[in-house]
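In what follows, a single structure is set out as structure tokens and then discussed.
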Amino acid sequence: MNPHACLGTNVYYLCMCFFVTYDTHTEPYEDHLMRPFDSNIIMLLLLILTGLYLGIRQILSLPLSNTAVMLSFIVLFFIVVVLHGWKTLGTRECLVFFLFAYSIALLYEYTDGLGFGILVDCTWSYSGVLGSKILGKIPLVIPLVWSIFMYCSLTMTNILFRRIRTTRASEETFSLQWFGMTLGMGIVAGLITASLDLLIDPVMVAMGAWSWSAEGPYFGIPLWNYEGWIEIPAVTFVCYSLYLLVVKKNQMYIGGENRSRYTLVVVAVYLIVFLVYGVAAIEEQVAHVIPWAMIPVVFFSGIVIVQFHRSVRAEGKKDSSSII
């Protein structure tokens, strides 16, 4: 077994122990044991299953470049974020978000960044590693992967700017100030997403999943690629925020007024995605890119966790609700 991959699996379980034991309850212990099996537990179990799968894959010597292995990870992550979105956005709003995310990502991918990719000689083409393609050009799972990352960045950005609420109904109204703030938040969401691609793109190119028409200065990746990684989440964030404004809805804490720390599961997904691609970077012998992505990924994860607790403490002064 690759000792570096084994270390990655151990780090994964340390992270999961942190997120599992980190959540506390104000209910009596006996009542906690009697609580029904809910979607919060399902999310955690799926993340633990992801870790087990990462270890089993290593034991069986299955490379992450294997299509079935890669698709399995994508499906597991997608189920987790859909469950999270269902709890924080509501059924209809969750569905609308993923429709927005999938459609906008597909549009940008299929048109080479709305044509700008061709203008700046920054085009890409996919191999068959990621499975079936839409109209023979874009793998079906690529917009799905975008959707996973953009949901994480949406929620992490809303936590950063204290837009996670305890009630579903929103009283926000449109103004130029609101639009400017939302656009700025969209750029932050893009930066959160692009931080992952500092690792993902060099790894996937090394795997042969896709290739670029011209090499760029960042380990062969064109810098225009990262403009796209900021723009697509930013556009999605603004469009979806406008939708929430129209329907007068908020994204909520899991637990509502009780503000459960399960809301931070998106940070666990974000970090575990980084870990999975970190293991892949070691396997593909491009481990030198890991530190470049680790710095912003850890930075964003850390400030989101800190801001979450600041928000909870600030709102906790207004009422007697407990964190569960």
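The values are calculated or read from the model by the stated rules, or taken from the named source; none is laboratory data. The model shown is predicted, which means the values in this text are computed figures rather than measured ones. A quick note on method: Cβ atoms are made from the backbone with ideal geometry, for glycine too, and the neighbour counts reach across all protein chains shown.
List of remarks:
So that you can scan it fast, the table gives a plain yes or no per residue for (1) of a type in the set (Phe, Trp, Tyr); (2) surrounded by 14 or more Cβ atoms within 10 Å (Cβ to Cβ); (3) under 15 Å from ALA189 (Cβ atoms):
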residue: VAL82; (1), (2), (3): no, yes, no
residue: ALA105; (1), (2), (3): no, yes, yes
residue: ASP112; (1), (2), (3): no, yes, no
residue: THR123; (1), (2), (3): no, yes, no
residue: TYR126; (1), (2), (3): yes, yes, no
residue: GLY131; (1), (2), (3): no, yes, no
residue: SER170; (1), (2), (3): no, yes, no
residue: PHE174; (1), (2), (3): yes, no, no
residue: TRP178; (1), (2), (3): yes, yes, no
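- Matching entry among VAL69, VAL81 (being modelled with pLDDT of 90 or more and either more than 30 Å from VAL279 (Cβ to Cβ) or not aromatic (Phe, Trp, Tyr) (or both)): VAL81
- Scanning segment 158-168 turns up one or more residues that are in contact with a strand residue (DSSP E or B) (Cβ under 8 Å, 6 or more places away or on another chain), at pLDDT 95 or above and closer than 21 Å to ILE272 by Cβ.
- Flag for THR88 being closer than 30 Å to SER39 by Cα, among the β-branched types (Val, Ile, Thr), touching an Asp or Glu at 6+ places or on another chain (Cβ under 8 Å) and in contact (Cβ under 8 Å) with a residue 40 or more places away in the chain: no
- If the condition is being out of contact with any helix residue (DSSP H, G or I) (no Cβ under 9 Å at 6 or more places or on another chain) and either surrounded by 24 or more Cβ atoms within 10 Å (Cβ to Cβ) or acidic (Asp, Glu) (or both), then segment 180-220 contributes only GLU215.
- Listed by first and then second residue, the pairs with beta-carbon distance under 9 Å, at least 6 apart or on different chains, first residue in segment 144-173 and more than 14 Å from VAL304 (Cβ to Cβ), second buried (at least 22 other Cβ atoms within 10 Å of the Cβ) and among the charged types (D, E, K, R), are THR166/ARG259.
- Selected residue (criterion: farthest from THR236 (Cα to Cα)) from residues of segment 128-162 that are touching an Asp or Glu at 6+ places or on another chain (Cβ under 9 Å) and of a type in the set (Lys, Arg): LYS137
- Any hit, segment 90-112, residues being within 30 Å of GLU257 (Cβ to Cβ) and acidic (Asp, Glu): yes
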